[in-house]
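> Take a look at the following structure, please.
The values are calculated or read from the model by the stated rules, or taken from the named source; none is laboratory data. Predicted model only: the values in this text are computed from it and were never measured. Methodologically, a virtual Cβ is constructed for each residue, glycine included, from the backbone with ideal geometry; neighbour enumeration extends over all protein chains shown.
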Amino acid sequence: MTNASTMEPVAERPAASASTGAGLGLWLTLPAQLLVLFIALFPILMQVYISLTDWSPLDGIPWWRAHELWIGLLNYTDLMADSRFWGALWRTMFVMAVCVPVQFLLGLGLAVLFVDDFHGKRVLYSTLLVPMMVVPAVAGYMFFMLFQSGGPVNDLLSLFTSDPVRIAWLSDPDLALIAVMVADIWQWTPLMFLILLAGMISVPQDQQMAAILLGASWWRRFFTIVLPRMKSIIIIALAIRVIEIFKIFDTLFIMTGGGPGVATETISVYIYKVTQQELIWSYVAAIALAILIVLSVVSVFAIKRMQRGQGT
Amino acid sequence: MSEIVLENLGKTFGDFTALADMNLTIANGEFMALLGPSGCGKSTTMNMIAGMLRPSTGAIRFNGRDIVDVPMAKRGVGFVFQNYAIFTHMSVRENLAYGPRAQGVAAAEITKRVQAFAELLQLETMLDRPAAGLSVNILQRLAIGRSAILEPAIFLLDEPLSNVDAAFRAVMRSELKSLQGQFGQTMVYVTHDQLEAMTMADRIAVMDHGKLLQVGTPLEIYNNPADAFVARFIGAPGMNILEGTLTRHADTVSAEVAGLGSVTLSPAMQGAAALQAAREVQIGFRPEQINAADQGLTMQVTFVERIGARTIVHMEQGASLAKAVLPADVPPPVAGDAWTFAVPDDAIRLFDPVTGRALGGRTH
Amino acid sequence: MASIRFDNVSKSYGDVVAVDQVSFEVPDNAFFCFFGPPLSGKSTILKLILGLETPDSGEIFFDGQPMHDVSPPDRNVAMVFQNLALFPHMTALENVRFPLVERKIDAATITARVAEVTEKLHMAHILHKPPAQLSGGERQRVAIARALVRDPVAYLMDDPISALDARLREETRVELRRMQQDMAKTLIYVTHDQEEAMSVSDQMLILDAGRVRQIGAPHDLYDAPNSTYVASMLGAPAMNMAGTAEAAGALTHAPDLDRGAKTVGIRPEHLRVAQKAGPGRVTAIEPLGATTILSVEAAGVTWKAALRGQPKHDIGAAVELSVDAGGLHCFDALGNTLPAA
């Protein structure tokens, strides 16, 4: 029979790979590739450039002459010492550390319920997806209203207490963040659910049947067949939410405006304030780059895990 | 070890009857093939035995006990899926150990059993390899081993060879047959390939359109098909079936095919009560029982296929089609010529043109 | 209509030699089959013919014209893919018309050409259906019709009927063969199934690791293989192979046995089994109806004998083995066939 050295590469190999045509193809597409690269990278390169200056739109010089205000790494050293930035970063991390696991567990639980058929599944399914389709700004107003001291949330709580509850959710620095997180969980659990459900449905039915016939209980099947086979999709779902929460802004800004004080000021809100209210654009560029680096590290980590997941 | 009895078993999906009134006893340790084209009800039957489907009517008994209400995990049934359903995110060892672990067998005992089965199935050297990317015969062995390690009384196999290359199927067939010999379980094997059924099964149950048409040993079914469908389905090529009429001249009954000629019936058939009156019949005979002759039936040769040890002659006359199989050392007729051939009287089978059932009793 | 010739063609991918100094000629209007195990070079040869790959060395000719600088569309070779690649949103008729419509041929010609092909393939009753409503065999026919309407110089088919079930394959292969004869076209065919290959082809080319092992009519390759490799590729059950000493020990009557041979091969249908005391012992019986496959152990080798009909044998019984005259194939130490003594 054949041995390894007689392998016949079939479809995987592009037709022109080994031939002289490969070089020509590269040259022909080079201009287009450079253009794409430029479009993708230009905003980032501009940020890098601006972040090394003290440029602001109020200075009256165009951005390409920003080097006249060259300050080197000063913006970055300022950033290192900026306690408001670090506060916002840690607050964002905290929201992420609470919301992502909660959304994941809720989404997974719902996916488990919805993977089997039951009466009324379609209606319930559509209902569950509604929050995801609500415009975040509208969601912000909804939760702003819900969490008023005379609002429905307090009314609901009052049913369980003797005195009427009048918690000032949005103006109490200790509680405002909770309200914001509830809103995020409400709006984004459906996305998690949708992705996880898709992953769960794609777990081969016969593998689960085989496990049942081998006597595996529901829990054993869930942990040895379903979850391992969903590994890639779980990582994708988590990565999407982690990145999105880094950018959390609209709902939150409408509910609390980042306040009271800086109690709900996340990275995005902080950047917005620095840009719109203080107009220190070069400093914003530095913050943006710092965030980009953090997010890149997270994504690379997620992709690596995913590739390892697919290898099995 | 277990005897399986299917009693008036039926399954309907809405208006569609997938299986009707199936009665079959599968003996302890028997290799039974459920054979038929797709949609004949063979997989439905198997899935009901496994417990994946609930019968609409009838009973399934294992050793006399009705198991319709027993959940599939508790039936003691090993199942080999069409694509083997190997857990590809695990190693070979984890696949083998999956069942015993799920059933709470002690760790030391699991190690011992996995070792024993790995040796039996010649998987020792690859125990720690990931199951993804193994070759198809190893996957088959692993799929069987993964079920066999729980020592099920019954093994169900759902077309396990349908995704295997033609060249490799013969190897897989003999491997499967020898594995069954080693384990000695009752085996139910679903297939649409008559060759698989003929080479491996102790008995074959031929099905079509949700009905069981015939049960018997491979040779019983080959020699005395109870039905024209079975006659055509078994054999490669299947039995020739020509439309004809019975005629009686003095003491002999013969079957005549319009435009082709006539064949004489065997003495046993001559006496059969059903064949006394002149009537329409279907005349069946196996392609390999045809011999060139000076008189008999004459047909136009349309195509000649020489395949190694044999030659298949394709013939046509009016609306009638027939094939002959000749050994390679017999010179075949030439395409385009008329060819006259004879069929020995004991090779003739008759079928009712309306019901398709065999007429005139058995010959062998 | 074209003859296709390979002259010393080689093709490598990195260190892997996929096609190694291959020469052959496909005669005009032949049904020509490439046969070999997976990865033996079949697919690469098809790509070289189509022009999807360029040979590293050697030259390919169509009707004597070198093809090196001819682009794939200009070679006018039609391909029927393994997965058929029918357009699911079009009816069978639209699928068949597609290649002509794409070439902006006038409507009257298209209609005439499509009618001619679909009539030859007996597919009038399925023309209005989309592929999803067709059986496997019917889809096959649509794919072939779509290749035929282009009137190419040759067709290539890569294992086109392997997805069908056994019974349908037997019917379809005959249909393919008759179709090719009706259309009088060169057809180049690849399959994994030796029975299918022998059934359809005028000529077969047996490949082994990118090299040509033997070319010839199927029955010539079957009756007179030039090597143990070719001998074992064709025939089911495969040819029995044994060392000369074992064969001498197992066979009671073997006048043609060449003592100089290293290996001896006997086709199962040339092995005779006599029910009398001898060195053999029956170990397995497979009754297939038309034939009975007997496994006999003798001189440490398991021999398979294909007996006509349904002879009675018992497992464990002692038997005597002999060979039909001319049934012995003798091979040297390299596996090449020795000339008949």
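> So in segment B:61-79, with the set limited to residues that are charged (D, E, K, R) and within 14 Å of chain A (Cβ to nearest Cβ), which one is farthest from B:Ser43 (Cα to Cα)?
B:Lys74
> Continuing with this model, one more query. Tell me which strands (runs of 3 or more DSSP E) are completely within segment C:281-340 and hold 2 or more residues being assigned by TED's automatic domain parsing to the domain that holds C:Leu271, over 27 Å from the mean Cα position of the chain (by Cα) and hydrophobic (A, V, I, L, M, F, W, C), or say none if there are none.
C:291-298, C:318-323
> Residue check, C:Val142 against (1) out of contact with any Gly (no Cβ under 7 Å at 6 or more places or on another chain); (2) at pLDDT below 85; (3) within 30 Å of C:Phe62 (Cα to Cα), all met but one. Which one?
Only one criterion in (1) out of contact with any Gly (no Cβ under 7 Å at 6 or more places or on another chain); (2) at pLDDT below 85; (3) within 30 Å of C:Phe62 (Cα to Cα) is unmet by C:Val142, namely (2).
> Still on this structure, please answer the following. Please go through (1) of a type outside the set (Val, Ile, Thr); (2) in contact with a Ser or Thr (Cβ under 7 Å, 6 or more places away or on another chain); (3) away from every other protein chain (no Cβ under 14 Å) for C:Arg272 and return the number of the only condition it doesn't satisfy.
That leaves (3) as the condition not met.
> Look at B:Gly308 and say whether it is within 11 Å of chain C (Cβ to nearest Cβ) and out of contact with any Pro (no Cβ under 6 Å at 6 or more places or on another chain).
Numbers: within 11 Å of chain C (Cβ to nearest Cβ): yes; out of contact with any Pro (no Cβ under 6 Å at 6 or more places or on another chain): yes.
Here the answer is yes, as B:Gly308 does meet what is asked.
> Still on this model: Right, B:Gly336: in contact (Cβ under 8 Å) with a residue 60 or more places away in the chain, more than 23 Å from B:Thr252 (Cα to Cα) and surrounded by fewer than 20 Cβ atoms within 10 Å (Cβ to Cβ) or not?
no
> Out of segment C:1-20, which residues are surrounded by 15 or more Cβ atoms within 10 Å (Cβ to Cβ), aliphatic (A, V, I, L, M) and either within 12 Å of chain A (Cβ to nearest Cβ) or not in a strand (DSSP E or B) (or both)?
C:Ala2, C:Val16, C:Val17, C:Ala18, C:Val19
> Take B:Glu175 and decide whether it is assigned by TED's automatic domain parsing to the domain that holds B:Ala293 and surrounded by fewer than 21 Cβ atoms within 10 Å (Cβ to Cβ).
So B:Glu175 fails the test.
> If you take the residues in segment B:31-56 that are in a loop (DSSP other than H, G, I, E, B) and under 10 Å from the mean Cα position of the chain (by Cα), which one is surrounded by the most Cβ atoms within 10 Å (Cβ to Cβ)?
B:Gly36
> Hey, among the residues in segment B:57-89 that are buried (at least 18 other Cβ atoms within 10 Å of the Cβ) and without any contact (Cβ under 8 Å) to a residue 40 or more places away in the chain, which one's farthest from B:Ser162 (Cα to Cα)?
B:Ile67
> Follow-up. Is it the case that segment C:69-80 has a residue that's assigned to a loop (DSSP other than H, G, I, E, B) and either within 14 Å of chain A (Cβ to nearest Cβ) or hydroxyl-bearing (Ser, Thr, Tyr) (or both)?
Scanning segment C:69-80 turns up at least one residue that is assigned to a loop (DSSP other than H, G, I, E, B) and either within 14 Å of chain A (Cβ to nearest Cβ) or hydroxyl-bearing (Ser, Thr, Tyr) (or both).
> Quick one: would you say B:Gln300 is of a type outside the set (Gly, Ala, Ser) and part of a strand (DSSP E or B)? Write out each step before concluding.
Values: of a type outside the set (Gly, Ala, Ser): yes; part of a strand (DSSP E or B): yes.
Against the criterion (of a type outside the set (Gly, Ala, Ser) and part of a strand (DSSP E or B)), B:Gln300 qualifies.
> Would you please name the residue that is nearest to C:Thr118 (Cα to Cα), looking only at residues in segment C:142-170 that are in contact with a helix residue (DSSP H, G or I) (Cβ under 7 Å, 6 or more places away or on another chain), β-branched (Val, Ile, Thr) and not in a helix (DSSP H, G or I)?
So the residue we want is C:Val149.
> Looking at segment A:212-231, which of the residues that are more than 7 Å from chain B (Cβ to nearest Cβ) and touching a residue at least 12 places away in the same chain (Cβ under 8 Å) is surrounded by the most Cβ atoms within 10 Å (Cβ to Cβ)?
A:Met230
> Among the listed residues B:Ala118, B:Ala143, B:Ala197, B:Ala148, identify the single one that is of a type in the set (Gly, Ala, Ser), surrounded by 16 or more Cβ atoms within 10 Å (Cβ to Cβ) and not assigned by TED's automatic domain parsing to the domain that holds B:Gly36.
B:Ala118
> Working only within segment C:284-314, note down all residues that are surrounded by fewer than 15 Cβ atoms within 10 Å (Cβ to Cβ) and either within 12 Å of chain B (Cβ to nearest Cβ) or out of contact with any strand residue (DSSP E or B) (no Cβ under 7 Å at 6 or more places or on another chain) (or both).
Within segment C:284-314, the first condition is being surrounded by fewer than 15 Cβ atoms within 10 Å (Cβ to Cβ), and the residues that meet it are C:300, C:302, C:308-309, C:311-312, C:314.
Result: C:Gly300, C:Thr302, C:Arg308, C:Gly309, C:Pro311, C:Lys312.
This table checks each residue for (1) basic (Lys, Arg); (2) at pLDDT 90 or above; (3) out of contact with any helix residue (DSSP H, G or I) (no Cβ under 8 Å at 6 or more places or on another chain).
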| position | (1), (2), (3) |
| --- | --- |
| B:Arg286 | yes, yes, no |
| B:Phe303 | no, yes, no |
| B:Ile312 | no, yes, no |
| B:Asp329 | no, no, yes |
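> Under 8 Å by Cβ, and 6 or more places apart or on different chains, what pairs join a residue from segment A:125-147 that is under 21 Å from A:Leu113 (Cβ atoms) with one that is at pLDDT below 90 and among the hydrophobic types (A, V, I, L, M, F, W, C)?
A:Pro131/A:Ala139
> Can you tell me which residues in segment C:171-200 are facing chain B (nearest Cβ under 9 Å), over 10 Å from C:Phe35 (Cα atoms) and among the β-branched types (Val, Ile, Thr)?
C:Val174, C:Val200
> For segment C:249-265, give me each residue that is in contact with a helix residue (DSSP H, G or I) (Cβ under 9 Å, 6 or more places away or on another chain) and among the acidic types (Asp, Glu).
Result: C:Asp258, single match.
> Also: Have a look at B:Ala116, B:Ala143, B:Ala153, B:Ala132 and point out the one that is in contact with a His (Cβ under 8 Å, 6 or more places away or on another chain), closer than 24 Å to A:Gly215 by Cα and away from chain C (no Cβ under 14 Å).
Every option except B:Ala132 fails the conditions.
> Would you confirm whether or not segment A:249-259 contains a residue that is touching an Asp or Glu at 6+ places or on another chain (Cβ under 8 Å) and of a type in the set (S, T, N, Q)?
Yes, segment A:249-259 contains a residue that is touching an Asp or Glu at 6+ places or on another chain (Cβ under 8 Å) and of a type in the set (S, T, N, Q).
> Looking at C:Ser23 and the list (1) polar (S, T, N, Q); (2) without any contact (Cβ under 8 Å) to a residue 60 or more places away in the chain; (3) not in a loop (DSSP other than H, G, I, E, B), which single condition is not satisfied?
(2)
> Does C:Asp28 fit the bill of being part of a loop (DSSP other than H, G, I, E, B), over 13 Å from C:Tyr189 (Cα atoms) and of a type in the set (Asp, Glu)?
Considered against the rule, which asks whether it is part of a loop (DSSP other than H, G, I, E, B), over 13 Å from C:Tyr189 (Cα atoms) and of a type in the set (Asp, Glu), C:Asp28 comes out as yes.
> Could you check, for segment C:75-84, whether at least one of its residues is over 25 Å from the mean Cα position of the chain (by Cα), at negative phi and not small (Gly, Ala, Ser)?
The answer is no; no qualifying residue exists.
> Give me the pairs: first residue in segment A:25-52 and closer than 30 Å to A:Tyr283 by Cβ, second residue of a type in the set (A, V, I, L, M) and surrounded by 10 or more Cβ atoms within 10 Å (Cβ to Cβ), beta-carbon distance under 6 Å, and six or more apart or on different chains, which are they?
A:Gln47/A:Ala285; A:Gln47/A:Ala288; A:Gln47/A:Leu289; A:Ile50/A:Ala66; A:Ile50/A:Ala285; A:Ser51/A:Ala285; A:Ser51/A:Ala286; A:Ser51/A:Leu289
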